[in-house]
Amino acid sequence: MSSQKKFGLSTPYLLLLPGMGFLFTFFIVPIINLAQTSTQTPVAGGDTGQYEQTLRFQNYIDAFVENKEQFGRSFVYAILATALALAIAYPLAYAIAFKSGKLKNLLLVLVVAPFFTSFLLRTIAWKQILGEQGFVVPTLRSLHLISESTTLTSSAFAVVAGMTYNFLPFMTLPLYASIDRIDPRTLEASGDLYANGFTTFRKVTFPLSLPGVVAGTLLTFIPAAGDYVNAAILGSPQTKMIGNVIDSRFFKIVDYPTASALSFTLMAAILVLVTIYIRKAGTEELV
Amino acid sequence: MRKISRWFQRNLIRIYAVIAFTYLFIPIAYTFAFSFNDGGKSNLIWKGFTLSNWQNPCGAPEVCTALGNSIKIGFLATTIATILGTMIAFAIGRHNFRGRSTTNLLIFLPMATPEIVLGASLLSLFLVFKINPGFWPTVIAHVMFCISFVVVTVKARIASLDPRLEQAAMDLYANEVETFRRVTLPLVAPGIAGAALLAFSLSFDDFIITNFNSGTMVTFPKFVYVSATRGIPPQANVIGSSMFILAITIVALGQFVGRKRKVS
């Protein structure tokens with residue numbers, strides 16, 4: 001191409017340099033620094049918050065053993081929220097892609113619209129709606145669906161529900177994008193070949209929407225696993241996730257090495273899970 | 001009876017969509033309703049209808065300080081991230097070069113890293129260099145996590161362009177700069193605008209990374225989080241609701257302008 005001759009090979013690099021330099025300095029370097037911090041030990045006789053560089057990998061084992069419950073909970077909650085979000089979002093994305101007609105653009109805007117009200121305000125709104133002073137609990141109690149002592153907030157249920165709600169648009173948009181790309185004629189063809197609705201879905205629609213399923217589940221699972229806001233607002237001390245631990249290690253206990261070791265373990269665990277998942281799902285082209 | 005059941009069957013998925021949207025909008029309706037609550041400082045129980053919160057959104061002064069900070073950070077971070085990200089998107093979308101897959105990986109990684117890790121690692125870097133968390137560290141943090149989203153959005157737009165349009169411009173004796181300025185850039189512009197809007201909303205709503213890097217500076221989400229335990233002043237609901245209305249208006253205007261252009 002003539003453009004490459006004229007500008008030479010350096011054009012792409014010049015375009016990349018500022019942005020990639022920024023990402024290198026403020027993303028890669030901090031991650032390396034985090035790895036260093038994670039093996040530090042307290043200065044003997046120093047103040048709290050003073051650490052020296054050692055190579056104490058035992059930090060990782062200590063941090064994990066001490067917090068394995070919260071680790072487990074983070075992954076269980078995140079997987080539950082992802083599965084629920086997928087179940088809720090798939091029919092919705094399908095409806096928008098195939099059944100909305102002229103309303104399509106409007107409905108897409110409506111999916112994103114919740115983002116425009118601060119997610120903290122929305123989470124707190126849920127807390128108040130599901131709380132003792134909201135209308136849901138008294139209604140359920142008067143219908144004897146829940147006992148007098150049962151509460152909906154401060155529970156694992158509330159935390160998972162909050163995460164499901166907050167990450168739902170992240171699930172719906174990629175699902176919509178790949179369902180919308182399906183040629184409706186392939187579905188008709190399947191019907192012509194005597195497949196019933198369910199078989200068509202299982203053999204045609206779902207496989208074709210798989211890239212959206214993979215992207216949506218990742219966009220939900222990754223932030224959910226590291227989340228601590230839902231657990232802090234809607235949960236109780238018994239529903240603490242690893243994010244809550246990292247947060248309090250950093251700010252309340254100024255235990256930087258443990259916080260760093262936990263962050264690193266979380267990131268590694270997520271990357272391993274995500275890699276296995278992408279391999280299994282068979283779509284390597286994500287970005 | 002049979003008619004009704006058939007109608008239900010045919011419209012099942014539409015009924016489902018209505019329920020799903022109701023679910024999405026319950027907390028927003030709640031936030032909006034409670035912006036009219038005469039609740040004083042703690043907005044937990046409905047006490048009566050008032051317009052005073054809307055007439056005086058800065059009645060709780062901390063709310064407006066926090067909002068101001070969020071807007072300033074949002075604008076700075078969006079501008080920087082959009083410029084840097086668009087440049088990267090053009091490099092990836094329009095050029096073949098060594099290290100392309102590494103670049104793609106480096107763009108993907110920040111999106112695949114939990115926010116708490118991004119926030120914690122950046123804070124630990126600032127601590128090493130004895131930089132106090134505050135306004136500029138927060139701007140840097142926001143640019144960092146917004147860049148990838150800008151790149152992905154703009155890249156998608158570039159990929160969807162018809163290359164024949166640029167070839168046509170060249171055939172009509174436009175040089176490269178002219179072609180870029182008069183054909184490529186206007187065609188990519190909606191993608192860039194969308195990316196900027198996305199970056200702003202990500203920045204404006206961010207809590208976790210901000211909480212790590214902002215020190216004592218309060219942003220709007222931080223204000224909401226901190227005051228959650230003792231009750232949020234209804235003015236916060238006013239701001240949440242107006243942001244919602246504002247964003248919907250911008251999107252609607254964008255659609256309208258887009259449609260008008262297509263017609264003319």
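The values are calculated or read from the model by the stated rules, or taken from the named source; none is laboratory data. Nothing here was measured: the structure is a model prediction, and the numbers come from that model. Positions of Cβ are generated from backbone atoms using ideal geometry, with glycine treated the same way; all protein chains shown enter the neighbour counts.
Among the candidates A:Arg202, A:Arg181, single out the residue that is over 17 Å from A:Ala87 (Cα atoms), charged (D, E, K, R) and at pLDDT below 90.
That would be A:Arg181, the only listed residue that is over 17 Å from A:Ala87 (Cα atoms), charged (D, E, K, R) and at pLDDT below 90.
Which fully enclosed helices (runs of 4 or more DSSP H) of the range A:197-287 have 3 or more residues being under 18 Å from the mean Cα position of the chain (by Cα)?
In the range A:197-287, the matching helices (runs of 4 or more DSSP H) lie at A:210-226, A:229-234, A:242-251, A:256-281.
For a quick check of your reading of the model, give me the residue pairs whose first member lies in the range A:275-287 and is among the polar types (S, T, N, Q), whose second is at pLDDT 85 or above and part of a helix (DSSP H, G or I), with beta-carbon atoms closer than 7 Å and at least 6 apart or on different chains.
Hits for this filter: A:Thr283/A:Leu210; A:Thr283/A:Pro211; A:Thr283/A:Val214.
Just name the residue that is farthest from the other protein chains (Cβ to nearest Cβ) out of those in the range B:91-135 that are part of a loop (DSSP other than H, G, I, E, B) and under 26 Å from the mean Cα position of the chain (by Cα).
Looking at residues that are part of a loop (DSSP other than H, G, I, E, B) and under 26 Å from the mean Cα position of the chain (by Cα), I get B:Gly134.
Only one residue in A:Gln36, A:Gln40, A:Gln70, A:Gln53 is among the polar types (S, T, N, Q) and farther than 22 Å from B:Leu118 by Cβ, so which one is that?
A:Gln53
Restricting attention to the range B:27-47, which residues are closer than 30 Å to A:Leu107 by Cβ and touching a Lys or Arg at 6+ places or on another chain (Cβ under 9 Å)?
Passing the criteria: B:Pro27, B:Ile28, B:Tyr30, B:Thr31.
Of the residues that make up the range B:149-156, is at least one assigned to a helix (DSSP H, G or I) and surrounded by fewer than 15 Cβ atoms within 10 Å (Cβ to Cβ)?
No, there is no match, as no residue in the range B:149-156 is assigned to a helix (DSSP H, G or I) and surrounded by fewer than 15 Cβ atoms within 10 Å (Cβ to Cβ).
Kindly indicate whether B:Ala168 is touching a Lys or Arg at 6+ places or on another chain (Cβ under 9 Å), more than 9 Å from chain A (Cβ to nearest Cβ) and either surrounded by 22 or more Cβ atoms within 10 Å (Cβ to Cβ) or hydrophobic (A, V, I, L, M, F, W, C) (or both).
Considered against the rule, which asks whether it is touching a Lys or Arg at 6+ places or on another chain (Cβ under 9 Å), more than 9 Å from chain A (Cβ to nearest Cβ) and either surrounded by 22 or more Cβ atoms within 10 Å (Cβ to Cβ) or hydrophobic (A, V, I, L, M, F, W, C) (or both), B:Ala168 comes out as no.
Given (1) within 25 Å of B:Ile71 (Cβ to Cβ); (2) assigned by TED's automatic domain parsing to the domain that holds B:Asn104, identify the lone condition not met by B:Asp162.
(1)
Considering each residue of the range A:246-277, count those that are at the interface with chain B (Cβ under 8 Å from one of its Cβ atoms) and either under 22 Å from A:Thr217 (Cβ atoms) or polar (S, T, N, Q) (or both), and give that number.
Going through the range A:246-277 one residue at a time, the tally reaches 7.
Within the range B:228-248, which residues are touching a residue at least 12 places away in the same chain (Cβ under 8 Å) and among the small types (Gly, Ala, Ser)?
Listed by number, the residues that qualify are B:Gly231, B:Ala236, B:Gly240, B:Ser241, B:Ser242, B:Ala247.
Collect the residues in the range A:209-244 that are of a type in the set (Val, Ile, Thr) and either touching a Pro at 6+ places or on another chain (Cβ under 7 Å) or facing another protein chain (nearest Cβ under 10 Å) (or both), keeping them in residue-number order.
If the condition is that a residue be of a type in the set (Val, Ile, Thr) and either touching a Pro at 6+ places or on another chain (Cβ under 7 Å) or facing another protein chain (nearest Cβ under 10 Å) (or both), then A:Ile222, A:Val229, A:Ile233, A:Ile242 are the ones that fit.
When the range B:210-238 is examined, which residues are found to be in a helix (DSSP H, G or I), more than 8 Å from chain A (Cβ to nearest Cβ) and β-branched (Val, Ile, Thr)?
B:Thr210, B:Val226, B:Val238
For the range B:190-218, what are the residues that are under 27 Å from A:Phe251 (Cα atoms), small (Gly, Ala, Ser) and under 15 Å from the mean Cα position of the chain (by Cα)?
Within the range B:190-218, B:Ser201, B:Ser203 qualify.
Restricting attention to the range B:1-39, report how many residues are surrounded by 13 or more Cβ atoms within 10 Å (Cβ to Cβ) and not in a helix (DSSP H, G or I).
3
Residue check: is B:Leu161 of a type outside the set (D, E, K, R) and at pLDDT below 90?
So B:Leu161 passes the test.
Please verify whether the range B:57-65 includes one or more residues that are in a helix (DSSP H, G or I), within 23 Å of the chain's Cα centre (by Cα) and surrounded by 17 or more Cβ atoms within 10 Å (Cβ to Cβ).
Yes - at least one qualifying residue is present in the range B:57-65.
How about the range B:40-55: which of its residues are assigned to a loop (DSSP other than H, G, I, E, B), exposed (fewer than 11 other Cβ atoms within 10 Å of the Cβ) and of a type in the set (S, T, N, Q)?
None; the set is empty.
So B:Ser203 clears everything in (1) modelled with pLDDT of 90 or more; (2) facing chain A (nearest Cβ under 9 Å) except one condition, right? Which one?
(2)
Tell me which residues, restricted to the range B:41-92, are in contact (Cβ under 8 Å) with a residue 60 or more places away in the chain and small (Gly, Ala, Ser).
B:Ser42, B:Gly59, B:Ala60, B:Ala66, B:Ser70, B:Gly74, B:Ala77, B:Ala81, B:Gly85, B:Ala89
Quick check on my filter: what residues within the range A:103-144 are part of a helix (DSSP H, G or I), of a type in the set (A, V, I, L, M, F, W, C), more than 7 Å from chain B (Cβ to nearest Cβ) and more than 19 Å from the chain's Cα centre (by Cα)?
Those that are part of a helix (DSSP H, G or I), of a type in the set (A, V, I, L, M, F, W, C), more than 7 Å from chain B (Cβ to nearest Cβ) and more than 19 Å from the chain's Cα centre (by Cα): A:Leu103, A:Leu106, A:Leu107, A:Leu108, A:Leu130, A:Val136, A:Val137, A:Leu140.
Given (1) in contact (Cβ under 8 Å) with a residue 40 or more places away in the chain; (2) over 20 Å from A:Leu234 (Cα atoms); (3) within 21 Å of the chain's Cα centre (by Cα), where does A:Ala97 come up short, assuming only one miss?
(3)
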